[in-house]
Amino acid sequence: MAGKMKRHLLFWAFVGPLVFAFFVVVVMPFLWGIYYSFTEWNGIVRSQVEWVGLRNYIDLFDDEQFIYSFWFTARFAVVSVILINGIGFALALMVTQPLRSSNALRTVFFMPNLIGGLILGFVWQFIFIQVFAALAEFLHLEFLNGWLSTPETGFWGLVILMTWQMAGYTMVIYIAALQSIPGELLEAAEIDGSTLWSKTRHIIIPLVAPAFTINMFLMLSNAFKLYDQNLSLTNGGPFNSTQMLAMNIYNTAFQFDKMGYAQAKAVIFFMVVATVSIIQVRMNKRREVEY
Amino acid sequence: MNSKKSIALLVALIVMCIPALWAGGAQEAEEAGTDEKVKVDIFQFKVEFKDQFTELANEYMQENPNVDLSIKTVGGGDDYGAALRSRFASGEEPAIFNVGGPQDVADWLQFLAPLNELEVTEKAFDGVLGGVTMDGNVYGLPYNQEGYGLIYNKEMLSQAGIDPAGITSFAKLEGAVKKLDSMKDELGLEAVIAFPAKETWVTGLHLSNAVLSQEFDNVNEAFNADSVEYKYSRGFQKLVDLQNDYSVQPTLSLDYSQQVEQLFAGEKVALIQQGNWAYGSIAGVNSDLAGKIGFIPLSVEGGVGDSIPVGVPMYWGVNKQLEEDVVAEAKKFLNWMYTSETGKRYVLEEFKFIPAYEGYDVSKVSDPLARDILDFSARGKTLPWVFMGYPTGWGQNVLGIDIQKYVADKMSWEELIAHTTEEWESARQ
Amino acid sequence: MTGKKRFILFLEVIGITVGIVFFFPFYIMLINSFKTKPQIFQNTLNLPGGLEWSNYAEAFERLDFMQAFANSLFITVGSIVLLILFASMAGWKLVRTKTPLSSLIFFMFVSAILIPFQSVMLPLITIMGKIGFLNRLGLIFMYLGFGSSLSLFLYHGFVKSVPKELDEAAIIDGCSEFQLFRKVIFPILNPITLTVIILLTIWIWNDYLLPSLVINKEGMQTIPLQMFFFFGEYTKQWHLALAGLTLAIIPVIIFYFSAQKYIIRGVTQGAIK
């Protein structure tokens with residue numbers, strides 16, 4: 001009996017502090033937010049909070065912009081996750097080779113991640129509009145003109161920005177994974193006559209698979225939650241064609257002053273993204289090799 | 001990394017943090033040791049004047065050592081409404097904050113103190129308090145007055161032989177624009193106009209106001225209206241088309257900075273729709289040009305063609321739910337700011353505001369745009385600002401967005417009118 | 001040249017080319033930070049005519065840089081130390097305890113990564129306001145809460161590759177749980193600890209929205225908060241903002257560049273064991 005008690009106490013001694021902070025800072029507000037999703041409220045303290053039951057939830061299925069934002073965000077997430085991971089992995093492979101410029105390259109590739117999202121968006125806005133226009137004149141490449149003024153260029157502008165910013169982030173995680181592959185395995189394979197490509201396919205990729213899972217999960221959730229860069233790069237424009245989910249939710253709350261409705265959207269958003277992520281992680285876990 | 005090194009690193013980091021803790025600690029000590037001081041927290045939105053405002057507050061505190069004024073400005077790109085709600089939610093309610101018009105007053109009514117008894121309230125010009133008066137109680141004090149129209153480059157217009165004072169109707173405006181367009185090369189223009197369709201406040205709030213202020217007599221009428229008639233729908237459309245067709249393209253990604261600082265101040269366009277607040281931006285890039293600009297009205301076909309909208313962009317409100325002495329001191333400060341000699345000097349010369357109150361020597365107003373506004377006002381050629389009475393979010397997020405769609409040929413004008421009317425009506429149910 | 005050497009050279013060339021492409025935005029930022037405002041509009045791509053150091057001086061002053069830097073440092077270091085400590089402990093314990101409760105807890109943490117900040121913003125501030133736990137210390141506590149998901153996720157994944165036999169061997173040798181963790185487990189976690197530190201630093205150092213809502217007192221602003229004063233309602237003071245941005249990034253770059261070496265060293269040491 002004492003042993004069991006002790007084990008429980010030890011468990012909570014180790015896990016407790018984190019759980020406490022998590023609970024107060026994340027769980028409680030989230031649950032409270034769910035309560036608000038059943039109400040109509042303008043966000044001001046001590047103002048009237050009116051219970052409206054499921055009305056917010058029913059309304060959002062008719063909300064064209066919300067549904068559009070959902071699909072736009074999903075499209076964006078898929079495209080950027082593939083690009084970010086593909087490029088991030090390639091970069092990790094490259095800088096873990098014995099190159100002289102490895103260290104410098106690692107820093108350069110990671111540097112984009114050092115700038116906060118909001119400012120990054122402003123900087124890239126400047127680049128897409130002004131710099132591209134200057135380049136268009138200089139190089140006579142018409143397609144560089146008018147970026148961010150159409151939905152397509154807005155979409156790809158966001159993708160380019162995120163890929164630039166996050167490839168280094170995934171690279172860091174892939175490097176950690178690559179470096180934990182025992183050298184002997186790779187040497188043995190080389191002695192057996194493997195080429196780089198076959199080494200990659202049969203040894204590296206399976207052993208790095210957990211990193212794939214992690215990165216894909218992180219990038220997917222990151223893409224779905226994107227707000228700062230969306231705001232500063234396109235502000236959802238033109239005509240809300242690049243408005244992603246987080247912005248739609250934020251605008252509902254703070255520009256239309258509909259807190260309850262926004263919370264309902266947030267709950268649905270959470271549920272859908274959680275489902276997608278669980279599916280994604282389950283699928284990837286099957287391919288992992290635990291060493 | 002061996003443990004000695006990591007300990008050394010940790011110690012180094014902690015040492016570097018000492019200045020931070022020192023500052024924090026000093027502040028706590030100051031607050032603890034001086035709790036006879038009345039603390040007035042000001043939570044405001046105007047980034048552009050915050051340094052001068054802080055100076056003014058310091059002068060006030062020297063004259064009134066029992067008061068501690070603390071100014072918090074909401075950083076640019078941020079949403080004042082969201083920040084204000086968060087501030088109140090956190091329990092740290094400010095004593096002085098900002099409200100924009102009837103909607104804000106209705107939302108924050110339980111917090112707003114009536115300000116009728118103050119001297120400054122009596123000195124306010126007729127009409128500026130309309131948007132913040134409810135049931136006879138005045139709940140806000142104007143920051144300043146602002147006005148907008150088409151800012152024009154004097155030299156270019158004179159070169160083209162256009163007399164700005166003669167533009168009193170849409171037909172004349174259109175004629176002038178076409179004339180400038182035909183002389184693009186001589187004047188060195190990329191285009192006549194720079195139309196920032198990206199900035200939904202310019203299109204959805206200001207441009208629409210130039211038209212809708214001829215339909216709603218004042219902001220309260222707009223606020224109480226169940227629907228919008230669009231009496232001058234054609235005129236509105238023509239203004240959008242005129243600006244968009246003769247503008248540097250693409251307009252959907254054209255923002256304030258490109259419009260004002262790059263194109264107009266760079267003398268690549270001759271006309272831009274903006275207000276007197278743009279003076280600082282223009283002067284910052286081309287101080288020479290900044291002395292040679294003025295306003296042309298946004299003439300509405302079939303409607304008023306010779307006036308510019310002048311109004312109050314933002315008001316100060318006082319939180320009545322705090323302690324009595326805090327509320328009293330807050331009112332006293334605001335009153336002082338706009339009626340005392342020191343305060344008035346700051347308002348005119350440091351903040352460069354157009355005063356919304358009597359008792360100012362307006363000959364001291366220096367920049368040409370502000371002078372033009374005073375001139376239009378003196379001649380009675382102004383229209384009110386009614387967009388603060390639009391349904392919440394309607395101006396920018398419905399109308400502004402639809403104008404973007406219209407400009408991109410994704411929506412016809414009829415659809416725009418129908419959709420925005422529908423949204424107004426459903427918001428007002 | 002042997003096939004391998006040629007390949008390495010080929011990679012170097014590709015690497016440097018890609019590196020240049022990645023660096024291009026920084027080049028734009030850097031050269032424009034030395035121009036005056038009008039110059040930035042006139043020619044964006046070219047190198048500046050003269051070096052406008054006054055941008056940096058002005059940015060430094062307006063940002064109240066030393067104070068803001070100290071605040072950012074205090075918050076970042078404080079949050080990271082707590083997160084590393086508690087997340088590693090929790091990660092290890094959760095992996096070693098194979099009960100439904102343990103899985104449930106882990107699942108909750110991980111699913112919280114999907115919660116967008118905007119939807120918990122107001123309730124969070126209300127709760128923290130009521131407790132009176134705001135400003136810098138409250139902010140650290142909030143980062144502990146928000147960062148817990150990601151940190152735990154990373155630690156959890158990594159701990160799974162630490163063999164259980166190690167734990168058992170240490171216990172046989174007479175270690176208590178705490179000693180076991182401190183002396184045996186935590187050092188092994190170095191590579192992931194460093195990764196976590198880097199990722200957390202980037203996030204917390206640059207964070208804007210949360211501090212803007214929580215920091216109310218004078219003199220406690222972080223660097224991002226101060227930077228936002230260069231962006232007005234509609235104007236952007238690019239010449240100052242770019243200079244300020246460069247100033248703000250330098251410490252982080254130095255940090256990352258030096259931490260780089262430790263990753264390699266940490267992993268190599270781990271391999272030698």
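Just the number, please: buried accessible area between C and A, total of both chains, 1.4 angstrom probe, nearest 100 square angstrom.
Details: alone 16960 and 17730 Å², together 26610 Å².
For C against A, buried area totals roughly 8100 Å².
Put A:282, B:379, B:85, C:96 in order of accessible area, largest first, 1.4 Å probe: what do you get? If you can, show how the numbers build up before the last one.
Values: A:282 160, B:379 130, B:85 15, C:96 45 Å².
Heavy-atom accessible area, descending, gives A:282, B:379, C:96, B:85.
Can you give me the % of accessible surface on the range A:36-287 that is carbon or sulfur? Probe 1.4 Å, all protein chains present, nothing else counted. Walk me through the numbers before you get to the answer.
Values: 6390 of 10030 Å².
About 64 percent, which is the carbon plus sulfur part of the accessible surface.
Say the cut-off is 24 Å between C-alpha atoms; which of B:37/B:123; B:332/B:352; B:50/B:352; B:154/B:178 go over it?
On the way: B:37/B:123 29 Å; B:332/B:352 22 Å; B:50/B:352 12 Å; B:154/B:178 17 Å.
Result: B:37/B:123 exceed 24 Å.
So if the hydrodynamic radius of the range C:124-198 is defined as the Kirkwood radius over C-alpha pairs, what does Stokes-Einstein give as its diffusion coefficient at 37 °C and 0.692 mPa s, in µm² per second? Provide the component values of the computation, followed by the final result.
Values: Rh = 14.7 Å.
The estimated diffusion coefficient comes to 223 µm²/s.
How large, in Å, is the range B:301-366 by the Kirkwood hydrodynamic radius built from its alpha-carbon pairs?
Working: mean 1/r = 0.0693 Å⁻¹.
It is 14.4 Å.
Leaving ligands, DNA and RNA out of it, rank B:424, B:336 by accessible area with a 1.4 Å probe, largest first.
Numbers: B:424 0, B:336 35 Å².
Output order, biggest surface exposure first: B:336, B:424.
Report, in deg cm²/dmol and to the nearest 500, the calculated mean residue ellipticity at 222 nm for chain C, where each DSSP H run with n ≥ 4 adds -39500 (n - 2.57) and the sum is divided by the residue count.
Taking each H run of at least 4 residues, the total per residue is -24000 deg cm²/dmol.
Mind pulling the per residue volume of the convex hull built on the Cα atoms of the range C:14-71? Å³ is fine. Working shown, then result.
On the way: hull volume 6.4 nm³, N = 58.
Value for the range C:14-71: 111 Å³ per residue.
In the range C:141-157, which residues become less accessible by 40 Å² or more once every protein chain is in place, relative to the chain on its own, using a 1.4 Å probe?
Buried on complex formation: C:141, C:145, C:153.
So what's the angle, to the nearest 10 degrees on a 0 to 90 scale, between helix B:170-182 and the longest Cα principal axis of chain B?
Long axis of B:170-182 versus the principal axis of chain B: about 90 degrees.
Once amide H atoms are built 1.01 Å from N in the peptide plane, which residues 5 or more positions from residue A:39, or in another chain, come under 5 Å H to H?
Answer set, sorted by chain and number: A:52.
Per the Kirkwood treatment, what hydrodynamic radius in Å, one decimal, follows for chain B from the mean inverse distance over all distinct Cα pairs? Please list the in-between numbers first.
Numbers: mean 1/r = 0.0425 Å⁻¹.
Kirkwood hydrodynamic radius for chain B: 23.6 Å.
Taking every pair of Cα atoms in the range A:82-179, average 1/r, invert it to obtain the Kirkwood radius, and report Rg/Rh to two decimals.
Rg/Rh: 1.06.
So what is the calculated 222 nm ellipticity per residue for chain B, using -39500 (n - 2.57) for each DSSP H run with n of 4 or more, over all residues, to the nearest 500 deg cm²/dmol?
Estimated from H runs of four or more residues: -12500 deg cm²/dmol.
Can you give me the orientation-averaged projected area of the convex hull built on the Cα atoms of the range B:186-295, in nm²? Could the numbers behind the result be given before it?
Values: hull surface 30.9 nm².
Averaging across all directions leaves 7.7 nm² for the Cα convex hull.
How much net charge surrounds residue B:93 when only the other residues with a Cβ under 14 Å from the Cβ of residue B:93 are counted, with Lys and Arg +1 and Asp and Glu -1? Display every interim value, and only then the final one.
On the way: positive: A:46, B:39, B:72, B:85, B:87, B:320, C:130; negative: B:41, B:92, B:323.
That sum, taken over residues with Cβ under 14 Å, equals +4.
Quantify, in whole percent, the carbon and sulfur part of the accessible surface of chain B (1.4 Å probe; protein heavy atoms only).
On the way: 8060 of 16490 Å².
Its accessible area is 49 percent carbon and sulfur atoms.
Mind putting together the pair-distance distribution for chain C? All Cα pairs, 10 Å bins, whole percent per bin, short to long.
6, 21, 26, 24, 16, 6, 1, 0
Could you put C:161, A:221, B:412 in order of accessible surface area, largest first, with the 1.4 Å probe and the full protein assembly present?
Values: C:161 70, A:221 5, B:412 45 Å².
Final ranking, largest accessible area leading: C:161, B:412, A:221.
Determine, from the Cβ-Cβ distance of residue B:415 and residue A:35 and an R0 of 45 Å, the FRET efficiency 1/(1 + (r/R0)^6), rounded to the nearest 0.05.
Numbers: r = 39 Å, r/R0 = 0.86.
Computed FRET efficiency for residue B:415 and residue A:35 comes out at 0.70.
Give me the inter-chain shielding for C:20-28: mean count of other chain Cβ atoms within 10 Å, whole number please.
Values: counts 1, 2, 10, 4, 3, 12, 6, 0, 6.
That average works out to 5.
Run the 1.4 Å probe and let me know the accessible area of residue C:108, rounded to the nearest 10 Å².
80 Å²
Relative to the longest principal axis of chain C, what angle (0 to 90°, nearest 10) does the C-alpha long axis of helix C:100-111 take?
10 degrees
Rounded to two decimals, what is Rg over Rh for the range A:36-287 when you use alpha-carbon atoms and the Kirkwood radius? Please list the in-between numbers first.
Values: Rg = 21.9 Å, Rh = 20.6 Å.
My calculation of the ratio gives 1.07.
If you roll a 1.4 Å probe over the heavy atoms of the protein chains, what accessible area per residue do you get for the protein assembly as shown, in Å²? Spell out each step's value before the answer.
On the way: 40200 Å² over 993 residues.
Accessible area per residue: 40 Å².
Rounded to the nearest 5, what % of DSSP beta bridges with both residues in chain B are antiparallel? Walk me through the numbers before you get to the answer.
Numbers: 22 of 35 bridges.
Looking only at bridges with both residues in chain B, the antiparallel portion is about 65 percent.
If one computes P(r) from the Cα atoms of the protein assembly as shown, what percent of pairs lie at distances over 37 Å?
52 percent
With N denoting the number of residues in the range B:78-221, provide Rg(C-alpha) divided by 2.2 N^0.38 Å, to two decimal places.
On the way: Rg = 21.2 Å, N = 144, 2.2 N^0.38 = 14.5 Å.
Here the Cα radius of gyration is 1.45 times the empirical estimate.
Taking the 0 to 90 degree range and rounding to the nearest ten, how far is the long axis of helix B:50-63 tilted relative to the main principal axis of chain B, both from C-alpha atoms?
Around 50 degrees separate the two axes.
Name the residues whose placed amide hydrogens come within less than 5 Å of the amide hydrogen of residue B:383, ignoring near sequence neighbours (fewer than 5 apart) on the same chain.
The answer is B:308, B:310.
Any chance you could run the full-extension gain for residue B:179 through residue B:122? It's 0.36 nm times the residue separation minus the Cα-Cα distance, nm to one decimal.
15.8 nm
The values are calculated or read from the model by the stated rules, or taken from the named source; none is laboratory data. Computed from a predicted structure; not experimentally measured. Every residue, glycine as well, gets a Cβ built from its backbone with ideal geometry; the counts of neighbours run over all protein chains shown. Areas reflect the complete protein model, heavy atoms only, side chains present, ligands, DNA and RNA absent. Shrake-Rupley method; radii C 1.70, N 1.55, O 1.52, S 1.80 Å.
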